1. Within the accessible area of region 158-244, what % is carbon and sulfur when the probe is 1.4 Å and the other protein chains stay in place?
2. Quick one: Cα centre-to-centre distance for region 186-237 and region 299-375, in angstrom?
3. Identify, among ALA73, TRP61, PRO107, the residue whose Cα sits farthest towards the positive end of the charge dipole of region 1-114, taking +1 on the Cβ of Lys and Arg and -1 on the Cβ of Asp and Glu, with the dipole about the Cα centre.
4. Where a ≥ b ≥ c are the square roots of the eigenvalues of the C-alpha gyration tensor, would you call the chain rounded, which needs a/c under 1.5, or, failing that, prolate if a/b is larger than b/c, or oblate?
5. Which of the pairs LYS101/LYS356; LYS42/LYS138; LYS42/LYS157; LYS140/LYS319 have their Cα atoms more than 28 Å apart in this structure?
6. Find how much the distance from ASP337 to GLU424 grows on full extension, using 0.36 nm per residue of separation minus their present alpha carbon separation; answer in nm with one decimal.
7. Given a Förster distance of 41 Å, report the FRET efficiency between SER211 and LYS138 from their Cβ-Cβ distance, rounded to the nearest 0.05.
8. At 1.4 Å probe size, what's the solvent-accessible area of THR306? Round to the nearest 10 Å².
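The values are calculated or read from the model by the stated rules, or taken from the named source; none is laboratory data. Nothing here was measured: the structure is a model prediction, and the numbers come from that model. Here the Cβ positions follow ideal geometry from the backbone for every residue, glycine too, while neighbour counts run over all protein chains shown. Only protein heavy atoms, including side chains, enter the accessible area calculation; ligands, DNA and RNA are left aside. Shrake-Rupley method; radii C 1.70, N 1.55, O 1.52, S 1.80 Å.
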Amino acid sequence: MAAVDAVLIGAGHRGRHTFGAFARRHPDRLRFVAVAEPDPGKRAAFAAEHGVPPAHCHADWRGLLAAAPPAQAAVVATGDTLHVEPALAAFAGGFHVLLEKPIAPTPAECVRVVEAAEASGRILQIGHVLRFTAFYEKVKEILASGTLGELATIDMKEHVAYWHFTHSYVRGKFRNRASAAPVLLAKTCHDLDLLCWFAERPPRRVASFGSLRHFRGESAPAGAPARCTDGCPVQAECPHDAVRFYLGPDEALARSWPWLDVSPDPAREARRRALETGPYGRCVYRCDNDAVDRQVLAVEFEGGLTASFTVHGTASEEKRTIRVSGSRGELRGVLHDGTIELSRHGRLGIDRIELKGGGVLGHFGGDEGLCAHFADVVAAGASADVRTSGRISLAGHLLGFAAERAREMGTVVECAAFEREAAEGAARLARAGAGR
């Protein structure tokens, strides 16, 4: 099959270092022929890496799509709240779309994007990379085999390391609802997508509890200034000290995430200047964040299957875990270790499976798998084979939004009614758009 020609909308970290990097490794499968990116430095860097001519480099996605570049697909890797318009325009322009998660910042907009894709007849694949990891593929295989019997309960947890949480959800670009979706969508829509994949049935109702308790002003040490660079009295023992975390690595390491978010120039002096003026130098207790730092969900699926999911941002180390209990056995797994344990009722011993594949920064091989899958289905025109299509991914998104409503209102949310409400909201948005 010939390489898929694509345009990139958003040449930030994911756009350049995930999708762009895949294309550089596999030019026979995916080739970028145009780019839209408002930051001139990022735009120029991506263009140079992919040989994109100046005529196909744009500061705005509108200009790119208006130019009708010779491509089959569009990769939309803009910020969380900026997915909807370029995705809808790409479908209107006849492009297949690989869209970064989450689909959109509201449930109605999620439905609208999915319905627009289906109406256009084009492929929409959502960036749920964890479905493409060897670990979760194996979990799915075991559950589908019937080894565990009738499934009774699924328990999943995402332990987000303290440094990761403060970087992305306290100081960083996902820190508040003005710039990002709720944590359940911005961080854990992967997990909710997996939960729906494993359950293989619609969620019936959901309850949720959680809050922002630690990373706020009341928790600040006495005398802590607005910035870690301003001489904090507890700097030496504070685990969240920005100076130590962001300036410690050498320039080679600082060219990677998360340090690259602080400054495109990896030199220590450049990073220091960025900490003195930018968001990443702020005290974690003096930020404009409102993202919850802990949340738990309780879900009942059709047929009586129950599930729980927990996310928090105070872990010592990153770790995703899963435990599934059925009428004939139990599965326990840890993604970061690549280990799965199987026990069967009435039998002694435990079967242990060890899987390796990819690193943490590549989502354990999921980034590679996602990009390869998109290139293959577009090249083959196999829309029915899309593993994480918009329609499939919508279930986990709507579950997340329903859970967030349950948390905010202190109630149990009926999922079918919530989904109808989202569909009605999408219809209103579509009518408003058609009237412009």
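1. 52 percent
2. Result: 21 Å between the Cα centres.
3. ALA73
4. Because its axes are fairly even, with a/c under 1.5, the chain counts as rounded.
5. Distance filter (> 28 Å) returns LYS42/LYS138; LYS42/LYS157.
6. 27.0 nm
7. 0.75
8. 60 Å²
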